[in-house]
Amino acid sequence: MIFLRVEVGSVSDSRCFLQVVTTTGTKADAEQIARRLVEQRLAACVQIVGPITSVYRWQGRVESAEEWLCIVKTTGGRYADVEKAIQQTHPYEVPEILAFEIHEGSSDYLDWLRHQVEEKRTA
């Protein structure tokens, strides 16, 4: 197996690979976000994990909720559009949207990821 070391740069750099996470209150909301991101070529893949339990402070109170975690695979060049699409689709007032840079990975997988999120495709 060949691994590719990715140069660390700006998160908005199209050479940068990212995992973006968000949580939703229902599986249906998670699936809607995932489908939109993949259909619009903003993400190569979105994994949906859940249910999970989240404990957080909201409006001065400690809350607990069952949620679904979306793990989005994309590039830095697509991040702004991913964030915008999540915000437009997400039912939460303040959705969690966090991006983590991928520093290493299988070169075959990262090549596939990059090709899936290219803006213009002929095939």
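Every number in this text was worked out from the coordinates using simple rules, so none of it is lab data. Remember, it's a predicted structure, so these values are computed and weren't measured experimentally. We place every Cβ from the backbone using ideal geometry, glycine too, and count neighbours over all the protein chains shown.
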Extended-chain gain in nm, criterion 0.36 nm per residue less alpha-carbon gap, Glu83 and Glu66: 3.9 nm
Max mean-square fluctuation residue, GNM over the chain, Cα-Cα springs under 10 Å, options Ser106, Ser54, Ser64: Ser64
Distance-filtered residues of the stretch 67-106 - backbone nitrogen under 14 Å, label point 7 angstrom along Gln59 Cα→Cβ: 92-94
Degrees, to the nearest 10: 27-39 long Cα axis against longest axis of the chain: 20 degrees
By average C-beta atoms within 10 angstrom, highest first, the peptides 69-80, 37-48: 69-80, 37-48
Unit charges on C-beta of K, R, D, E only; dipole of the chain, Debye: 200 debye
Degrees, to the nearest 10: 107-116 long Cα axis against longest axis of the chain: 70 degrees
Pair Thr26, Glu93: separation of 7 Å Cα→Cβ label points (nm): 2.0 nm
³J(HN,Hα), Karplus 6.51/-1.76/1.60, whole Hz, each residue of the stretch 84-94, x for Gly, Pro: 4, 5, 5, 4, 6, 9, 6, x, 6, 5, 10
Residue of Gln32, Gln88, Gln19 that the Gaussian network model of the chain assigns the largest fluctuation, springs spanning Cα pairs under 10 Å: Gln88
Mean separation of Cα contacts under 8 Å, 6 or more apart, over the residue count of the chain: relative contact order %: 40 percent
Estimated 222 nm signal from helices in the chain, with DSSP H stretches of n ≥ 4 weighted -39500 (n - 2.57), rounded to 500: -8500 deg cm²/dmol
